[in-house]
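Structure, as structure tokens:
The values are calculated or read from the model by the stated rules, or taken from the named source; none is laboratory data. Computed from a prediction, not measured in an experiment: that's the story for all the values here. Please note: Cβ atoms are built from the backbone with ideal geometry, for glycine as well, and neighbour counts cover all protein chains shown. Note: areas computed on protein heavy atoms with side chains; ligands, DNA, RNA excluded. Shrake-Rupley method; radii C 1.70, N 1.55, O 1.52, S 1.80 Å.
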Amino acid sequence: MPSTEHEAAIELVRLAPHLVTGLLADLFDVDVSACVSATAFAESSRVLEARTLHADAAFVYSDGDGAAVLSVIFEVQRSWDADKRLTWRLYLAHLEHEVRAPAALVVYCPDPRLGARYRAMLADDGISSLLRPLIVTSDDLPLIVDPDIAAREPERVILSALAHHRQADLKPAFPAFDAALAALTATLGIDRAIAYHDVIKVVMQHATYEAWRNHMTTTEIPRVWLSDENQRIHERGWRKGAAEAKAADILKVLEARGFAVPDDLRERILATTDLDRLDTWLGEAVIASTLDDFAA
């Protein structure tokens, strides 16, 4: 199960590669009508003998006869990295050489300001090797709250929640989540629906997830996609992943502030599974003047 937003976005496109071609068609007018199937391409590729490059995800799309007609690199970019103008060129050249089909680069930047910065950097970059990444931001993915749309495009609902969970209240989208999970269960089966539900849980803050649980117990929604036992198993897994991520954040804050965290304190933080306590410790990590003041 993914434990971070970055991992959740990558997991979602791996589960549903047609999301990428949908973005290409809807946002960039790319003709994807010949793409009827998709297979994953090895994201780790050794090129130029000396370097190993690792893309977040890569896909090869084929026509009805099985011939490759399009290849796509999908990257999630949450921070600035000026070297991407170099590595992205290598990704694309290698993929196109191996697959022998046109290659596109789709970059998902949740922050529109970061997306604009990358667009500006690459607007006139290159002479013979002009790089044109197709950058998607949260501005391009409005939060979907309509159950009818969710029933038709369930994966798009989850992508929109990934794009907006920090800025928007997800509760109005709960009926759309219901419809999306019901549609996924009907078309893909319970196991795949559980995988999509795991992606949804990653983007929910603790309070939002509790509201989602309450919604499930008070609303008439299809529950066949997740048995009570699986719900307990995945709930434990979600809480474990959320606690591990929050504990890692606490240690990063302390270390960034110059504290040398002793092993016993580090182990105590990492062993804690109480999310409310971890939230409190994270706040203390930001303001503590000494480690004696922290997590007393």
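The single condition among (1) over 17 Å from Asp56 (Cβ atoms); (2) open to solvent by less than 50 Å² (accessible area, probe 1.4 Å) that Asp26 does not meet is (2).
Within region 253-277, the set of residues being of a type in the set (D, E, K, R) and either open to solvent by 90 Å² or more (accessible area, probe 1.4 Å) or over 14 Å from Leu291 (Cα atoms) (or both) comprises Arg257, Asp263, Asp264, Glu267, Arg268, Asp274, Asp276, Arg277. From the set of residues in region 120-139 that are at pLDDT below 90 and open to solvent by 50 Å² or more (accessible area, probe 1.4 Å), which is nearest to Val60 (Cα to Cα)? The residue in question is Arg132. Residue check: Ala183 meets all listed conditions (1) loosely packed, with under 15 Cβ neighbours inside 10 Å; (2) aliphatic (A, V, I, L, M); (3) modelled with pLDDT of 85 or more but one, namely (1). Within region 140-158, restricting attention to residues that are of a type in the set (D, E, K, R) and assigned to a helix (DSSP H, G or I), which residue is most open to solvent (accessible area, probe 1.4 Å)? Checked region 140-158; the qualifying residue most open to solvent (accessible area, probe 1.4 Å) is Arg152. Scanning region 249-296 for residues that are of a type in the set (Asp, Glu) and in a loop (DSSP other than H, G, I, E, B) yields a total of 1.
What's the total number of residues in region 159-173 that are more than 17 Å from Tyr108 (Cα to Cα) and open to solvent by 10 Å² or more (accessible area, probe 1.4 Å)? The qualifying residues number 4.
Looking across region 31-55 at every residue that is at pLDDT 85 or above and open to solvent by less than 50 Å² (accessible area, probe 1.4 Å), the one that is farthest from Ala16 (Cα to Cα) is identified as Ala34.
Scanning region 159-173 turns up one or more residues that are outside any helix (DSSP H, G or I) and of a type in the set (S, T, N, Q). Just one residue in the set Ser138, Ser79, Ser71 is within 19 Å of Val30 (Cα to Cα) and either among the polar types (S, T, N, Q) or in contact with a Ser or Thr (Cβ under 9 Å, 6 or more places away or on another chain) (or both); that residue is Ser71.
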